[in-house]
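Here the structure comes first, spelled out in structure tokens, and everything after it is commentary.
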Amino acid sequence: LNLYKANGFLRFEMLNCARSCAYWTVRSDRLQIRLSTKHTPHVNLFVRLKISSDRFSSMDVLQAKNTAFERAQRREMQKRYVCGGCQKPIRDLSFKVHMQNCCPDLLGPLVNAPWPGSEVASQAALLQEADNMRRAVQLRFVGERKHSEEESAAALQIPLRRLRDILRKASKSIPLVVDEEMPEVIYEDDDLVAVNKPPHLRFSPPHRFVGLSLLNRMIGYLGPSWQTHVVHRLDMDTSGVALFAKRASAAKHLSMQFQDRMVSKEYLAICLGTPPAQLFEVAAPIGPHPELQERRAVCPGGLPSLTTCEVIDQGTHHGRPVCIILAKPHTGRTHQIRLHLAHVGLPIVGDIQYLPASELELSTVPRLIPHPSRQALHAFSIQFTHPSSNKTLVLDAPIPKDMRKTAQELNLRWDNLSTSLQQLSM
């Protein structure tokens, strides 16, 4: 490599070298030259220059390193391989230790043998896990005699925890049932879709082999070209607006809004009893029921919960006080509105879980308290920020016929609903 100065510029000639110069810079007394060809990686040469007038009398090569080779080596060290047990990508350096802790049964003969490498071990573990999944499903669900979990784990020689993980993965690998009945769409774009959930319909199926839920209808409506992401839920007998995301990015954005309590929801409920005021709040902690797993209860050690309520109309029916309540939950606890209204003496008509025994007997007599064969609760409105446009979007679901009929028979009116919505949103 010959270096010289000409016309105020630094020049160099490369002798007996198949490489050509792609990039070079001068930093104080050091020259950095990047050499490359299409068949060889980049090489950085750092050369210290000893300058005498306008000529370079001598050069000392300080360091020459193949940066592309080192980058490739670092990438190789950072490669990730899928664990056969948890199906997560794990770094090469920690792959063996991870498998020993996660799924040691998949290592098998590799425990005492020389380590073949993470890539080979990952492929062998995935094949072994597929075989375990096939055998576990046969033992638990196929044949005349269905083995218990303990028997299946003993037959496969794996821990009970691993068997449950395998069965869970086998269940998720089965696609959900597609329902052909179409939902009532309120709003739809490329990011999300909002539908009006009818009453008496599950939000999601009890397991993957059965349909007849709103989620199954949405899968059939969106088809294979879109993904169906659940971002919140409604009770089976609660009607109203329900949101679904069509993209993973939109689902994450909407889920964060629900988690940060940035979503505003309004529910309509037809209740028994006399409201304490025109506008009131219910702040009562909610926790699990001490006896019934499917219920919730107000308890001192429960999670903080807050609901703002506005009276739309109130009156009497056969001497029994009745009212329409517009409820806005500020927290998202299970059965929050139903439990909070029952806690302040305003149980929802038709709610067999939280109606007191005396009121339940009266509500089952249509002549006294007509009810819509379910809890008279409707998710009327939802307000959130659109995940793409960042604009505020407000969506309403029309009041269902059964609640309109019940309100009419109770001589209750919806006239003050728009005014109450404005007051409640302030």
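Quick one: which residues, 5 or more positions from Ile312 or on another chain, have an amide H under 5 Å from its amide H? H modelled 1.01 Å from N in the peptide plane, none for Pro or chain starts.
Result for Ile312 returns Ile324, Ile325, Leu326.
Give the Debye-formula value of log10 I(q)/I(0) at each listed q (0.14, 0.17, 0.23 Å⁻¹), with one equal scatterer per alpha carbon of segment 118-212, two decimals each.
-0.72, -0.85, -1.19
Any chance you could run the full-extension gain for Thr385 through Phe141? It's 0.36 nm times the residue separation minus the Cα-Cα distance, nm to one decimal.
Net length gain for the segment: 83.3 nm.
Among 143-154, 126-137, 375-386, how do they line up by average Cβ neighbours within 10 Å per residue, starting with the highest?
Descending mean neighbour count gives 375-386, 126-137, 143-154.
Return the carbon/sulfur percentage of the accessible area of segment 288-352, one whole number, probe 1.4 Å, all protein chains in place.
On the way: 1510 of 2880 Å².
Roughly 53 percent, rounded to a whole number.
Excluding Ser204 itself, calculate the net charge of residues whose Cβ lies under 14 Å from the Cβ of Ser204, where each Lys or Arg counts +1 and each Asp or Glu counts -1.
Charge balance in the 14 Å sphere: +4.
What does the net charge come to around Ala284 if you take all other residues with beta carbon closer than 12 Å to its beta carbon, with K and R at +1 and D and E at -1?
+1
How large is ³J(HN,Hα) for each residue in segment 212-218, as worked out from phi by the Karplus curve 6.51 cos²θ - 1.76 cosθ + 1.60 (θ = phi - 60°), to whole Hz, x for Gly and Pro?
6, 9, 5, 4, 5, 5, 5
Tabulate in residue order the Karplus-calculated ³J(HN,Hα) for segment 323-328, using 6.51 cos²θ - 1.76 cosθ + 1.60 with θ = phi - 60°, rounded to whole Hz; enter x for Gly and Pro.
7, 10, 10, 9, 10, 10
Quick one: 3J(HN,Hα) in Hz for segment 163-168, Karplus 6.51/-1.76/1.60 with θ = phi - 60°, rounded, Gly and Pro as x.
Along segment 163-168, the couplings run 4, 5, 5, 5, 5, 5 Hz.
R0 = 30 Å: FRET efficiency of Glu180 with Lys401, Cβ-based, nearest 0.05?
0.80
Can you give me the long-range amide H partners of Leu377? Hydrogens built in the peptide plane at 1.01 Å from N, cutoff under 5 Å, separation of 5 or more residues or another chain.
Under 5 Å from the amide H of Leu377 lie the amide H atoms of Ser239, each far enough along the sequence or on another chain.
Report, by chain and number, residues whose modeled amide H sits under 5 Å from the one on Cys83, excluding near sequence neighbours (fewer than 5 apart, same chain).
Excluding prolines and chain starts, which carry no amide H, the hits are Lys88, Ile90.
Can you bin segment 203-249 into rounded, prolate or oblate? Criterion: square roots of the alpha carbon gyration tensor eigenvalues sorted a ≥ b ≥ c, rounded for a/c under 1.5, prolate for a/b above b/c, oblate for the rest.
It is oblate, given that a/c is not under 1.5 and a/b is not larger than b/c.
Applying a 10 Å radius around every beta-carbon, put 276-285, 305-314, 228-237 in order of their mean neighbour count, most first. The partial results should precede the final answer.
Working: 276-285: 14.8, 305-314: 20.6, 228-237: 18.3.
Answer by packing, highest mean first, reads 305-314, 228-237, 276-285.
The values are calculated or read from the model by the stated rules, or taken from the named source; none is laboratory data. Keep in mind that what you see is a predicted model, and the values were worked out from it rather than measured. Note that each Cβ is placed from the backbone with ideal geometry, even for glycine, and that neighbours are counted across all protein chains shown. Side chains are part of the model used for accessible areas, which takes the heavy atoms of the whole protein and leaves out ligands, DNA and RNA. Shrake-Rupley method; radii C 1.70, N 1.55, O 1.52, S 1.80 Å.
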